[in-house]
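Worksheet: one structure, shown below.
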Amino acid sequence: MKKIDITTPYKGLSKFYFEKIIDTIIIEGKLSKKNLNILDFGCGLKFLEKKLKKKIFNYDVDKNLSEMSNWNIRAYDIVVLNHVIMYMSKNEFFDLLKKIKNKNKECKIIIGVGKESALNKFFAYLMLRFDHLKNTKMNYKKQIKLLSENLQIINKKNIYFLTEIYFCKF
């Protein structure tokens with residue numbers, strides 16, 4: 001099977017944009033609190049952990065980026081899925097939520113969703129990311145529908161009209 005690279009390079013405009021997303025996730029999600037078991041599901045280059053400056057659990061489908069082969073061995077207080085669920089099928093998303101909930105019904109879920117608007121496309125091309133939607137399985141509307149049908153949305157933050165961050169619980 002051909003390896004798919006969906007890891008975001010954090011440099012230039014992309015770095016500025018994703019730093020704002022990560023900073024918002026950290027502040028609004030209160031991730032700096034001590035003694036939290038945080039899972040960054042789809043951790044990529046571990047930018048969340050680097051910005052937090054504390055150890056968290058990092059899982060990615062790319063085994064070279066992941067620190068664990070099985071993320072589902074413990075309960076987490078917070079699970080972050082930043083620009084991740086677009087690469088999942090509906091059933092994969094349901095399965096993920098079921099596994100998280102089975103370990104901790106009180107777990108908070110933070111989900112970053114790219115809006116896929118004309119503005120998103122413009123900035124993707126400006127950053128030479130011509131394949132920014134390649135290999136996605138769910139578009140923006142499907143992701144939001146799944147979130148609203150399966151999770152309670154506590155809060156939502158908009159980042160530059162390009163990304164929405166949803167703070168959710170079961």
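The values are calculated or read from the model by the stated rules, or taken from the named source; none is laboratory data. These numbers come from a predicted model, not from an experiment. Each accessible area value is taken on the protein alone, full model and side chains, heavy atoms only, with ligands, DNA and RNA left out. Shrake-Rupley method; radii C 1.70, N 1.55, O 1.52, S 1.80 Å.
Taking a straight line from the alpha carbon of Lys141, these aspartates and glutamates sit under 14 Å away, with near neighbours fewer than eight places off in the same chain left out: Glu116, Glu149, Glu164.
Once all protein chains are placed together, Ile100 keeps about 10 Å² accessible to a 1.4 angstrom probe. Which pairs break 21 Å Cα to Cα here: Lys30/Lys169; Lys55/Lys108; Lys108/Lys157; Lys15/Lys63? Check vs 21 Å cut-off fails for Lys15/Lys63.
Using the 1.4 Å probe convention, the accessible area of the range 10-101 works out to 52 Å² per residue with neighbouring protein chains retained.
For the range 39-121, the square roots a ≥ b ≥ c of the C-alpha gyration tensor eigenvalues yield an a/c of 1.5 or more together with a/b not exceeding b/c, which makes the shape oblate.
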